[in-house]
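Worksheet: one structure, shown below.
The values are calculated or read from the model by the stated rules, or taken from the named source; none is laboratory data. Note that the structure is predicted; figures quoted are calculated from it, not measured. We place every Cβ from the backbone using ideal geometry, glycine too, and count neighbours over all the protein chains shown.
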Amino acid sequence: MKKLSAPLPSSTTPFILEAGCDEAGRGCLAGPVFAAAVILPDGYSNPLLNDSKKLTEKQREELRPVIERDAVAWAVAIADHEEIDKINILNASILAMHRALDGLDVVPGGIAVDGNRFKQYKDIRHVTVVKGDAKFGNIAAASILAKTHRDEFMREAAEKYPGYNWEVNKGYPTRDHRAAIAEIGPSPIHRMTFRLLPETESQE
């Protein structure tokens with residue numbers, strides 16, 4: 001994995017304060033989509049830093065405070081289930097990333113986004129990188145923060161809306177999650193435009 005910024009056009013300075021952006025929870029049936037923006041120091045390296053999906057939950061939780069401590073700047077934001085239902089998950093994911101960028105206390109000189117879809121943010125240059133969370137440190141760091149903050153939210157939501165096993169499945173469409181929806185119905189934070197049960201129609 002490259003530990004420096006993604007390849008943006010060169011500038012007059014040798015290092016661009018570049019924000020890596022990623023989201024977590026796009027494929028979930030319930031809860032918000034979370035996004036993070038992270039600016040890492042020049043030359044930053046951590047041997048454990050990787051795509052959040054390739055790390056164990058314990059590794060992600062251990063890395064979260066390290067990233068938050070070491071980053072030049074970081075921010076996490078959400079788009080909630082109502083916004084997802086209103087504008088669709090892609091637009092909601094981009095909205096959450098824009099909100100995370102809004103939350104940075106340092107203005108980045110560039111933005112590197114995981115995936116292949118993004119909308120212009122202010123007048124800042126950006127690149128999209130397919131599987132960028134496995135290639136670039138700033139995106140990997142953002143993926144870890146987005147994932148861990150979302151997991152924390154879903155563990156708390158599991159206490160408020162018990163029965164869906166969110167403390168384990170985190171809202172993803174697992175067999176136990178769908179069985180619970182079939183038995184007790186959707187919660188107030190389920191995404192109603194998603195296919196909650198196999199036989200229901202969906203706009204997902």
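Summary table
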| read-out | value |
| --- | --- |
| The lone exception for Ile139 - which of (1) buried (at least 20 other Cβ atoms within 10 Å of the Cβ); (2) part of a loop (DSSP other than H, G, I, E, B) it fails | (2) |
| Which numbered condition Val107 fails, given (1) surrounded by fewer than 24 Cβ atoms within 10 Å (Cβ to Cβ); (2) among the hydrophobic types (A, V, I, L, M, F, W, C); (3) part of a helix (DSSP H, G or I) | (3) |
| Residues of the stretch 164-201 classified as at positive phi and surrounded by 15 or more Cβ atoms within 10 Å (Cβ to Cβ), total | 3 |
| Some residue of the stretch 70-77 being under 28 Å from Leu196 (Cα atoms), among the aromatic types (Phe, Trp, Tyr) and either at pLDDT 95 or above or out of contact with any helix residue (DSSP H, G or I) (no Cβ under 8 Å at 6 or more places or on another chain) (or both) | no |
| Count of the stretch 68-88 residues which are part of a helix (DSSP H, G or I) and either more than 22 Å from Ala141 (Cα to Cα) or under 12 Å from the mean Cα position of the chain (by Cα) (or both) | 7 |
| Breaking point among (1) surrounded by 15 or more Cβ atoms within 10 Å (Cβ to Cβ); (2) in contact with an Asp or Glu (Cβ under 9 Å, 6 or more places away or on another chain); (3) under 25 Å from Phe194 (Cα atoms), for Val130 | (1) |
